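Engineer: Structure provided below as structure tokens; questions to follow.
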Amino acid sequence: MAFFFTKFFRNIILIAVLFNAINFYLKWKSYNISAKDFKTAAANSANENALSAISKLTSDLRRVYKEKVPYDLYWIPLSAGGLQLRAQFLYADWTEYIAILAAGGNTVGRSGFHWSNNTCTVLTGQLVRYSDALNGIVKESFTKGQNFRHGQFESYIYEFTEGTHVACYGRGFVPASALWTTTGAISNGDPLAVAKVFYVYGKTVFENTFSWVTQLFHHYKDKATKFEL
């Protein structure tokens, strides 16, 4: 019994150390995407027409971030917390993402667990959320062009009306959100949806990581060449 408790508390300490180490890294690392740029582009792209809004947002971000926003974009199913959505990732990394969430019909569900701070803008339609405040339910409504924040580890119930499109940018330990998407897809009996999310997100992460490594290599190669001269 003593061995069990010793091992248990040792694991708790290791988890706490790992948690604080990741938080420290997230706090001090530099990020590729500017939250201000994203919010400006998303607000300017809000439109009654979803295709027009998405196209403008994608073009505006690509103009600033070049190859970081891929040309081969995919819509993938996203079933999580009861929400039945489609998602398109405009940017993906281990610690950052830009995604567009689309509701084909009215859908409601819980936000799930996210180790990231997120800023979102409604491109079309309307979104309602209810907080899990201990002293009562707080209802907030957001319509086209309005922005809202979802902080890390916060919990809400979200309600999307039919035809709503929301653009979100997040910073944090993004892999933690896999729990939300994985359990949601499995509860729907659709494990293939999990594979699609992992494939599309992983593919974009790999491409961005490869691009970063290539740029870093050329940077130090150029410095070494100049030093030799």
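Only the coordinates and a few stated rules stand behind these numbers; no lab work does. Note that the coordinates shown come from a computational prediction; the quantities given were computed from them, not determined experimentally. Cβ atoms come from the backbone with ideal geometry, glycine included; neighbour counts cover every protein chain shown.
Engineer: Residue 17 to residue 71: FRET efficiency via 1/(1 + (r/R0)^6), r the Cβ-Cβ distance, R0 41 Å, to the nearest 0.05?
Structural biologist: Calculated transfer efficiency: 0.50.
Engineer: Still on this model: Cα centroid distance between the range 143-222 and the range 60-128, in Å?
Structural biologist: A separation of 7 Å, based on Cα centres.
Engineer: Note the full-extension length gain between residue 40 and residue 113 as 0.36 nm times their separation in residues minus their Cα-Cα distance, in nm to one decimal.
Structural biologist: Difference between extended and current length: 23.6 nm.
Engineer: Enumerate the calculated ³J(HN,Hα) couplings along the range 98-106 in order (Karplus 6.51 cos²θ - 1.76 cosθ + 1.60, θ = phi - 60°), each rounded to whole Hz, writing x wherever the residue is Gly or Pro.
Structural biologist: 10, 9, 10, 9, 10, 10, x, x, 5
Engineer: Could you derive backbone 3J(HN,Hα) for the range 154-163 from the dihedral phi with the Karplus parameters 6.51, -1.76 and 1.60 (θ = phi - 60°), listing whole Hz in sequence and x where the residue is Gly or Pro?
Structural biologist: 6, 10, 9, 9, 10, 10, 9, 7, 4, x
Engineer: Read through the labelled values (1) 22; (2) 6; (3) 15 and report the label of the one computed as percent of Cα pairs over 34 Å apart from the structure.
Structural biologist: The calculated read-out lines up with (1).
Engineer: Calculate the spin-label point distance for residue 211 paired with residue 186, positioning each point 7 Å from the Cα along the beta-carbon direction, and give it in nanometres.
Structural biologist: Between residue 186 and residue 211, the simple spin-label model gives 3.3 nm.
Engineer: As an exercise, use a Förster radius of 35 Å and the Cβ-Cβ distance of residue 24 and residue 161 to find the FRET efficiency, rounded to the nearest 0.05.
Structural biologist: 0.30
Engineer: Please list the helices of the chain that count as membrane-span-like by this rule: a mean Kyte-Doolittle hydropathy of at least 0.5 together with Cα atoms stretching 30 Å or more along the helix axis, each helix being a complete DSSP H run.
Structural biologist: Qualifying helices, which must be both long enough and hydrophobic enough, are 2-28.
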